[in-house]
Amino acid sequence: MATSSDEMKMKPTWRRFEDGEHVWDNLTDKIFNQDRSHKCPTYVHKTPPCQGSCPSGEDIRGWLQIVRGMEKPPQGMDWQEYAFRRSTDANPFPAMMGRVCPAPCQDGCNRNELEDFVGINSVEQFIGDTAIANGYTFEAPELDTGKRIAIVGGGPAGLAAAYQLRRKGHSCTIFEANDGLGGMFRFGIPGYRVPRDKLDAEIQRILDMGRVEVRLKTRIGTDVTVEQLEKDYDAILWAIGCQSGRGLPVPGWEGTPNCVTGVAFLKAFNEGRMKVTAGKVVCVGGGDTSIDVVSVARRLGHVNKSNPNELPETVIRDGYVAHDAASAAAAQGAEVTLTSLFTRDKMTASEHEVDDATREGVTILDGVMPVEVIKDANGRAIGLKVADCTMTDGRPTPVEGTERVLEADLIVSAIGQGGDLSGLEQLDNGRGLMDSDKFYQVPGKAGHFVAGDIIRPHLLTTAIGQAWIAADSIDAYVMQAEHKRRPKVDVHHFNLLDKLTEAHLAPESFVAGQAGDMRGTSDANYAIHNYEDRSGAEVIPHEELFLGHFNYVPRNLRKEEVPSADEVLGHFHERVIGLTEPEAIDEAKRCMSCGLCFECDNCVIFCPQDAVFRVDKGSRTTGRYVDTDYAKCIGCHICADVCPTGYIKMGLGE
């Protein structure tokens, strides 16, 4: 669990040992048997928990090492571009995801055991913004496989899949029902959180790879049949997302004109059609979408509408009607209330987003459930009856005697999303979604693949990660290759052999007839010695680190321009102010490099036998900084004890 905002402001009192503790608790760990010990150090690479927690599977530790200056770029490339290329191996949207991802990687960060997580998404935003400013582009291979892939949906999953497929040499056509690409990036998140110029730049970078055709305002199942796609393309990826919201399951909701979903509300705003909202808005939710709804409502405000056609629900529901821009000039503040079934500490929205909404003047009622929509004689909602509730087996139960009515001119339901499979009923699994196997194939439909929210609504980063695996599966299918077995920890791993190759230090080719006596390879140059890669199977916990090595270092916090309740009306400036280059470097230095050497020299300094030594500079690279002379090693395990990153294990010889 991530450190709370209160705790992160205080200097921690964590210590490796209490006063008086100077011996091992368990005598079996006291392996000072000198020459009788059979245990010697080996270097074991494991996946850090940040990376293991990232649904996109980014090599987070890798690009943090680059930003901090530890891992050097190839000759002729600056570190800013190298960090961009490493981060976008998994995720082509660093500027976007650095802003809006709720960062499960930070919840998993081992530095939480010390004082506070590393600000991973703030460094990612810096990488993305720097890439846009410097005009970095994606490299597209000259290889053309001749295969054509239809991608249905131009949101995060569809665009990420197009990017990964182009890297493999395939051509893609993106079919998008809306009039612009971006999906939930564009139509589900307000512009003050996702600047449209940055979004357009990251999308254009994918299109500039070439052989990515885009067909907007084209709905599959209506404008183009599934059978036509099957005939014209070698494979189809369904990445249509979930762009229909769920209504409240309470009496009075159905058919009431001023009861709308959060998805529809945000789409009307993001398309520029909704300029003002209602005087009293009640939103039911508790997740990030509901926070966006109430924050937008506070910014838009309302006007006293004499014309029924100017009511907000007419714009939201119609899809073509738009408010006159002059309406916004006369706007007054709106009263906005957010209700959540869960108490504030259990709401799924990010903690700082909830705090920002409160500062902006949103009233938050937590532990409250909707009971009934109250309507007037004309059938319009005038209030929402709610009651305090308790959660039993995941279901809310109203507390008797706590019912009350919240006055409302507009009620918004932000309790979840669903898919729209009209025209695609043969793909509907009965729940308005699509089924998928572990390779993101549609079961029983050869050549059909699926990724993103249409499988199960979740995070943007989840959709991007699924698109990567789906692209691998599509590649195997169209090239008639077998699916590779995917690792238990299925992320983009640091690869020592690739790093050695990049640094022109790759092992020599192995020729059996010239290898001589092969009972030992310690002097051979065709093998990587005393190194074991467990990253595909193991995530390294904090218990395997030497936390006593690390000092208290406060996080470099991004500045935010969060308006007060009096300033919020009409405030559409970007909220998050990115880190400067020195701040990004300082923040990256807080990374503890869990599971991989970060060249601290502890093992070299503390080895009593001088058995651990630095690799010669000419042969040194990330992951190959130290080596061990096993003729000198006595198995005392001091090197493993003082390794901050848990990279050294006492296992060789077992």
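The values are calculated or read from the model by the stated rules, or taken from the named source; none is laboratory data. On a predicted model such as this, the values are computed, not experimentally measured, just so you know. Backbone-built Cβ (ideal geometry, glycine too); neighbour counts: all protein chains shown.
The rows are residues; the columns are (1) surrounded by 14 or more Cβ atoms within 10 Å (Cβ to Cβ); (2) within 14 Å of Leu341 (Cα to Cα); (3) touching a residue at least 60 places away in the same chain (Cβ under 8 Å); (4) touching a Gly at 6+ places or on another chain (Cβ under 6 Å).
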residue: Pro398; (1), (2), (3), (4): yes, yes, no, no
residue: Gly423; (1), (2), (3), (4): yes, no, yes, yes
residue: Leu427; (1), (2), (3), (4): yes, no, yes, no
residue: Gly430; (1), (2), (3), (4): no, no, no, no
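Which residue is modelled with the highest pLDDT, if the candidates are limited to the stretch 583-637 and must be of a type in the set (Val, Ile, Thr) and under 23 Å from Pro74 (Cα atoms)? Selected residue: Ile585.
Residues in the stretch 69-105 that are closer than 23 Å to Tyr552 by Cα and surrounded by 24 or more Cβ atoms within 10 Å (Cβ to Cβ): Ala103, Cys105. For residues that are out of contact with any helix residue (DSSP H, G or I) (no Cβ under 6 Å at 6 or more places or on another chain) and part of a loop (DSSP other than H, G, I, E, B), tally how many sit in the stretch 293-307. Of the residues in that region, 5 qualify.
All conditions in (1) in the same structural domain as Thr339 (by TED's automatic domain parsing); (2) at pLDDT below 95; (3) within 32 Å of the chain's Cα centre (by Cα) hold for Ser306, with the sole exception of (3).
Just the residues that are closer than 15 Å to Cys283 by Cβ, of a type in the set (A, V, I, L, M) and not in a strand (DSSP E or B), please, taken from the stretch 381-415. Result: Ala408, Ala414, Ile415.
With respect to Ile469, determine if the residue is part of a helix (DSSP H, G or I), β-branched (Val, Ile, Thr) and either under 30 Å from Gly146 (Cα atoms) or within 29 Å of the chain's Cα centre (by Cα) (or both). Yes.
Suppose the filter is part of a loop (DSSP other than H, G, I, E, B) and over 19 Å from Tyr192 (Cα atoms); does Val321 pass it? Break it down stepwise before answering.
Values: part of a loop (DSSP other than H, G, I, E, B): yes; over 19 Å from Tyr192 (Cα atoms): yes.
Here the answer is yes, as Val321 does meet what is asked.
Flag: Arg219 does not match the condition of being of a type in the set (Lys, Arg) and touching a Pro at 6+ places or on another chain (Cβ under 9 Å). Of the strands (runs of 3 or more DSSP E) that lie entirely inside the stretch 592-654, not one contains 3 or more residues that are more than 30 Å from the chain's Cα centre (by Cα), of a type in the set (S, T, N, Q) and farther than 30 Å from Glu115 by Cα. Scanning the stretch 168-196 for residues that are free of Cβ contacts under 8 Å to residues at least 40 places away in the same chain and farther than 22 Å from Val263 by Cα gives a single hit, Gly169.
Tell me whether the stretch 443-463 contains one or more residues that are outside the structural domain of Gln65 (by TED's automatic domain parsing), among the β-branched types (Val, Ile, Thr) and in a helix (DSSP H, G or I). Working first, answer last.
Let us first name the residues in the stretch 443-463 that are outside the structural domain of Gln65 (by TED's automatic domain parsing), namely 443-463.
Those still in the list that are among the β-branched types (Val, Ile, Thr) too: 450, 454-455, 461-462.
Retained after the next criterion (residues that are in a helix (DSSP H, G or I)): 461-462.
Yes: one or more hits.
Per the listing Ala150, Ala133, the residue uniquely assigned to a helix (DSSP H, G or I), out of contact with any Gly (no Cβ under 9 Å at 6 or more places or on another chain) and farther than 18 Å from Ala90 by Cα is Ala133. With respect to Asp232, is the statement that it is surrounded by fewer than 19 Cβ atoms within 10 Å (Cβ to Cβ), within 30 Å of Arg558 (Cβ to Cβ) and not assigned by TED's automatic domain parsing to the domain that holds Arg555 true? In short, no. Among residues of the stretch 262-292 being part of a strand (DSSP E or B) and surrounded by 24 or more Cβ atoms within 10 Å (Cβ to Cβ), the one that is nearest to the chain's Cα centre (by Cα) is Gly285. Is there a residue being of a type outside the set (S, T, N, Q), touching a Cys at 6+ places or on another chain (Cβ under 9 Å), at pLDDT 95 or above and surrounded by 22 or more Cβ atoms within 10 Å (Cβ to Cβ) anywhere in the stretch 132-149? Checked the stretch 132-149: at least one residue is of a type outside the set (S, T, N, Q), touching a Cys at 6+ places or on another chain (Cβ under 9 Å), at pLDDT 95 or above and surrounded by 22 or more Cβ atoms within 10 Å (Cβ to Cβ).
Within the stretch 568-584, residues that are on the phi < 0 side of the Ramachandran plot sit with their Cβ atoms under 7 Å from residues that are assigned to a loop (DSSP other than H, G, I, E, B) and of a type in the set (A, V, I, L, M), at 6+ positions apart or across chains, in these pairs: Leu569/Ala331; Arg575/Val562.
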